[in-house]
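To start, the structure itself, in structure tokens.
The values are calculated or read from the model by the stated rules, or taken from the named source; none is laboratory data. Note that the structure is a prediction, hence the values are computed from the model and not measured. Quick reminder, even Gly has a Cβ in these numbers, built from the backbone with ideal geometry, and neighbours come from all protein chains shown.
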Ligand SMILES: Cc1ncc(C[n+]2csc(CCOP(=O)(O)OP(=O)(O)O)c2C)c(N)n1
Ligand code: SF4
Ligand SMILES: [Mg+2]
């Protein structure tokens, strides 16, 4: 990531296009935070590229004063992979909806994660197809009643984190559209992580799936139903931070400090950097019901990135060969013969 | 094989490719000769064939080779399905690997049985008689113990050589284990072929010495075996005529033997060097295109980034990302993969990004005939996308032309900011011929259409265009040129997204006209054969060699035909329609049911376009085209209907 000394302000990353999302759509908040996060990050607009697929959320690149592409449905990850592999000097963001990233683009999503290409994937999860006006998506809850499932869906949803871990991902973070500070925090962490970073933002679609996250996001309930994980800190939550997560056999349990003999010492400390993802998975699978939904950076483990490895391999093999162009390569690796005048030169 | 000027070949008839005795000598001179090496996959037939053809090329012969592999990766030894072949055509005026072989080398009874049909009437067979053992004959499904009689072969035309015995005898003191000894059998065959064609054994040995530079013992063994083969021929068949193959004055330079897929990869590298744009390939393995990926993956040593993606869609999409990033971006595939890439290619049309798409055509539809050749993706390349989606379509004519056309595809893509589809096919992709390694100055500079500082200062918009309607390339990293592109329609003036209908129509027309204007930047159509004839034979893509040879033969026989071959399909060369309209009869020969004929028909309203078609997964035979053209010329002149529709006549 090429940061500069220059100070940026959010406006440096804002294009002149007027924003077209529905009033009240969660996308507005995420966009504003992204402008701020980019300013804080310190990568120049011309060194930043934002690649999206198709969907309401995928309109986002038009609102950025950076390089960007609004591509085709589902393919943003593949396009971003090509861009980043070609130009590791660029900081590349991918914007996808739950349909774009996990349905039509599911294959590219898991492979981008597995390959560990250094892109920052912002997954706008509204659990619905917004742009096509309200069909269920691969993250819609079982039984969700939508225009294409008038009697409720009969299939289980993906939990994005689980896909990321299944694809052996090394960075996963989560936020909620209205939790502006958390969103910025995880965006910055994602950008600073080398490799594929997935940030799931729970986003409200006011038109087709209003309130789908409200039991997590409502002010009164948020403290009870979510836990903000922070590196090196105790896993505490609740209005007064009176509750904590403890190990319970192979699983986790939410307890009240001081009740049933639980003390602060029993509460787990978050470490996003452990190579084994066992605990990260458990944390990411908490859904806000029995256990609070985890927001913040859940996993952040360093590992070699695809584009850097490609670059290193290019340099290494180049260094071993004594040719620098096509002709010399052919002459030194192929069987050749000379015609005309000179003696046969092999 | 020194060049023997003029003296020796009979005047231009089809028989000139046959083995003709010259009076007064027992060394005969041939204009060109086709040799087919056949055996088990492990018999090293391709190596023997390659060495022979490369040595001949080094002596000034033209060469064209074609491998014929079994479909199974590892078929049982000695079985009919396990036979692989390698055909070489060497000599003067060589444009194809040859319809049929003058000489067939068969290393076992299975090879003899499966390859006999490729032998020309009167051709010679060299066979390892030691493999006529009951077990081998059974594996090859013979009913008797006399394959020669069973197959109806004239005993005078077959040399039954005890190759295995000779081999064991030659290497008995070498200390090699029996398995290694058997591996040298191909060199015995090669020695025999060298004797038969009066070919300098020294040149062959020099090639081998280079090949086995690190294994002198292996070289010694092989050299011994080659000499033994040569001596055997010389001593036991001294009454048989040997032959000399004609050479031809070729352009001075350094030559190598290259197949179409490698040439394609190299053409792209050349374009990268000439444009200063780093080369990126996004691909997914598919027969018969995979070798392009293999070659470019090796060329990390020249800085190429070749990425095997998760599917064809990711292949084209990663290339689009790299193109936006300022690279020479390429995706390579075959027909089924091209189908998957359609939407991505449409994005490149809409975003007006340079992109090279290579389609090595194979038999279709669906999975079809994966290893066989066809020209059936033309319509898919031209029209296989949603919306009005014009792009440039090119087709390579021969293995070595793949280099030139890959370069051209990249040049046009970069200079005209458009996707270009290059069609090659299984036949030219796997076939090879001698090729002059280009010098630095042989190919022009490619000038990327970058947006410059002065234009940026004047308030550049991403879809501003030059006089050729080409937009400018603003490469990420350039300060002040941040811009977004995408698949949505944009306003003709502001480049902002627009849903206005009138604006859309203008943009559709601009995109079409942009492609049409590429015609000003490509070579005109050339007419070969007899340009003054009434009839013109027309082809496109990988059938060039067969069509050219057919036209030559027709004219030599007094059937006058002109010949034109298309490598630029969309847009057509500027003079193409004028050229075609000069002829009373236009005959399109192609390996499909008439896709290019239909395309030309569309551009030549009111004209009839006759057709010669074949869809057998095999290249044309020259003979088929000659006969097909003759059937049109033969007396039904009256049936030409200047206004009528296609009258398809299938050869
Ligand atoms: C190939 C293709 N298939 C289908 C569509 C239609 N389509 C556009 S966006 C979309 C789903 C959008 O849902 P999501 O990705 O969750 O984005 P959101 O609108 O919810 O932000 C669909 C089905 C399309 N544009 N292209
Ligand atoms: S439809 Fe839903 S997701 Fe789309 S802009 Fe409106 S509120 Fe946002
Ligand atoms: Mg959605």
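Anything in region B:263-292 that is free of Cβ contacts under 8 Å to residues at least 60 places away in the same chain and either surrounded by 24 or more Cβ atoms within 10 Å (Cβ to Cβ) or within 13 Å of another protein chain (Cβ to nearest Cβ) (or both)? List them, or say none.
The answer is B:269, B:273, B:278, B:279, B:280, B:281, B:282, B:283, B:284.
Quick check, is residue A:121 touching a residue at least 60 places away in the same chain (Cβ under 8 Å), more than 16 Å from ligand 2 (Cβ to nearest atom) and closer than 24 Å to residue A:29 by Cβ?
Spelling it out, residue A:121 is indeed touching a residue at least 60 places away in the same chain (Cβ under 8 Å), more than 16 Å from ligand 2 (Cβ to nearest atom) and closer than 24 Å to residue A:29 by Cβ.
Quick check on my filter: what residues within region A:89-110 are assigned to a loop (DSSP other than H, G, I, E, B) and either within 16 Å of ligand 1 (Cβ to nearest atom) or more than 10 Å from chain B (Cβ to nearest Cβ) (or both)?
Matches in region A:89-110: A:103, A:104, A:105.
Find all pairs meeting these conditions: Cβ atoms under 9 angstrom apart; at least six residues apart or on different chains; first residue within region A:89-107 and free of Cβ contacts under 8 Å to residues at least 24 places away in the same chain; second residue within 11 Å of ligand 1 (Cβ to nearest atom).
Qualifying pairs under 9 Å: A:107/A:74; A:107/B:313.
Can you confirm whether residue B:536 is assigned by TED's automatic domain parsing to the domain that holds residue B:612 and either part of a helix (DSSP H, G or I) or at pLDDT 95 or above (or both)?
Considered against the rule, which asks whether it is assigned by TED's automatic domain parsing to the domain that holds residue B:612 and either part of a helix (DSSP H, G or I) or at pLDDT 95 or above (or both), residue B:536 comes out as yes.
Which count do you get for residues in region B:57-96 that are in contact with a helix residue (DSSP H, G or I) (Cβ under 8 Å, 6 or more places away or on another chain), more than 15 Å from residue B:114 (Cα to Cα) and free of Cβ contacts under 8 Å to residues at least 40 places away in the same chain?
Looking only at that region, the number is 2.
Looking at (1) within 10 Å of chain B (Cβ to nearest Cβ); (2) more than 17 Å from residue A:44 (Cα to Cα), can you tell me which one residue A:84 breaks?
That leaves (2) as the condition not met.
Give me a count of the residues in region B:35-50 that are more than 9 Å from every other protein chain (Cβ to nearest Cβ) and part of a helix (DSSP H, G or I).
Count: 8.
Could you please find all residues in region A:91-104 being farther than 17 Å from residue A:37 by Cβ and away from ligand 3 (no atom under 12 Å from the Cβ)?
Within region A:91-104, no residue meets the criteria.
Can you tell me which of B:530, B:592, B:570, B:509 is touching a helix residue (DSSP H, G or I) at 6+ places or on another chain (Cβ under 9 Å) and more than 30 Å from residue B:264 (Cα to Cα)?
None of the others qualify; the one that does is B:530.
Out of region A:23-59, which residues are within 12 Å of chain B (Cβ to nearest Cβ), within 16 Å of ligand 3 (Cβ to nearest atom) and over 15 Å from the mean Cα position of the chain (by Cα)?
The answer is A:54, A:59.
For region B:344-359, give me each residue that is facing another protein chain (nearest Cβ under 9 Å), under 18 Å from residue B:377 (Cβ atoms) and in contact (Cβ under 8 Å) with a residue 60 or more places away in the chain.
Across region B:344-359, the qualifying residue is only B:346.
Can you tell me which residues in region A:124-167 are within 14 Å of ligand 2 (Cβ to nearest atom), surrounded by fewer than 23 Cβ atoms within 10 Å (Cβ to Cβ) and over 30 Å from residue A:85 (Cβ atoms)?
A:132, A:133, A:134, A:135, A:146, A:147 - these are the residues of region A:124-167 that are within 14 Å of ligand 2 (Cβ to nearest atom), surrounded by fewer than 23 Cβ atoms within 10 Å (Cβ to Cβ) and over 30 Å from residue A:85 (Cβ atoms).
Filter region A:1-53 for residues that are part of a strand (DSSP E or B) and buried (at least 16 other Cβ atoms within 10 Å of the Cβ); which is farthest from ligand 2 (Cβ to nearest atom)?
Out of the qualifying residues, it is A:43.
Pick out, from region B:395-458, the helices (runs of 4 or more DSSP H) lying fully within it that include 3 or more residues that are closer than 29 Å to residue A:336 by Cβ.
Ranges flagged: B:401-416, B:426-430.
Which of (1) within 21 Å of residue B:609 (Cα to Cα); (2) out of contact with any helix residue (DSSP H, G or I) (no Cβ under 6 Å at 6 or more places or on another chain) is the odd one out, the single condition residue B:514 does not satisfy?
For residue B:514, the exception is condition (1).
Quickly run through region A:273-286 and pick out the residues that are free of Cβ contacts under 8 Å to residues at least 24 places away in the same chain and farther than 16 Å from residue A:171 by Cβ.
Once the filter is applied, which keeps residues that are free of Cβ contacts under 8 Å to residues at least 24 places away in the same chain and farther than 16 Å from residue A:171 by Cβ, region A:273-286 yields only A:278.
Any chance region A:35-50 includes a residue that's in the same structural domain as residue A:124 (by TED's automatic domain parsing), within 16 Å of ligand 1 (Cβ to nearest atom), without any contact (Cβ under 8 Å) to a residue 60 or more places away in the chain and over 20 Å from residue A:178 (Cα atoms)?
Scanning region A:35-50, I find at least one residue that is in the same structural domain as residue A:124 (by TED's automatic domain parsing), within 16 Å of ligand 1 (Cβ to nearest atom), without any contact (Cβ under 8 Å) to a residue 60 or more places away in the chain and over 20 Å from residue A:178 (Cα atoms), so the answer is yes.
Outside the structural domain of residue B:631 (by TED's automatic domain parsing) and without any contact (Cβ under 8 Å) to a residue 40 or more places away in the chain: does that describe residue B:512?
no
(1) more than 19 Å from the chain's Cα centre (by Cα); (2) away from every other protein chain (no Cβ under 14 Å): which one isn't true of residue A:315, the others all being true?
(2)
I want to confirm something. Restricting to region A:229-248 and keeping residues that are crowded, with 21+ Cβ neighbours inside 10 Å and in a strand (DSSP E or B), which single residue is farthest from the chain's Cα centre (by Cα)?
Across region A:229-248, the extreme among qualifying residues is A:243.
It is to be established whether one or more residues within region A:64-73 are surrounded by fewer than 24 Cβ atoms within 10 Å (Cβ to Cβ), without any contact (Cβ under 8 Å) to a residue 12 or more places away in the chain, at the interface with chain B (Cβ under 7 Å from one of its Cβ atoms) and more than 16 Å from ligand 3 (Cβ to nearest atom).
Checking region A:64-73: not a single residue is surrounded by fewer than 24 Cβ atoms within 10 Å (Cβ to Cβ), without any contact (Cβ under 8 Å) to a residue 12 or more places away in the chain, at the interface with chain B (Cβ under 7 Å from one of its Cβ atoms) and more than 16 Å from ligand 3 (Cβ to nearest atom).
Sort out which residues of region A:189-216 are closer than 18 Å to residue A:48 by Cα, more than 16 Å from ligand 3 (Cβ to nearest atom) and crowded, with 18+ Cβ neighbours inside 10 Å, and write them in order of number.
Matches in region A:189-216: A:189, A:190, A:191, A:193, A:195, A:196, A:197.
Among the residues of region A:164-213, what is the count of those that are closer than 16 Å to residue A:226 by Cα, outside any strand (DSSP E or B) and touching a helix residue (DSSP H, G or I) at 6+ places or on another chain (Cβ under 7 Å)?
Qualifying residue count for the region: 5.
Go through the residues of region B:226-233 one by one and say whether even a single one is assigned to a helix (DSSP H, G or I), farther than 17 Å from residue B:56 by Cα and assigned by TED's automatic domain parsing to the domain that holds residue B:438.
no
Restricted to region A:111-120, and to residues that are within 14 Å of chain B (Cβ to nearest Cβ) and touching a strand residue (DSSP E or B) at 6+ places or on another chain (Cβ under 8 Å), which residue is farthest from ligand 3 (Cβ to nearest atom)?
The residue in question is A:118.
Residues to consider are A:188, A:216, A:229, A:202; find the one that is more than 20 Å from residue A:26 (Cα to Cα) and either touching a residue at least 24 places away in the same chain (Cβ under 8 Å) or in the same structural domain as residue A:102 (by TED's automatic domain parsing) (or both).
A:229
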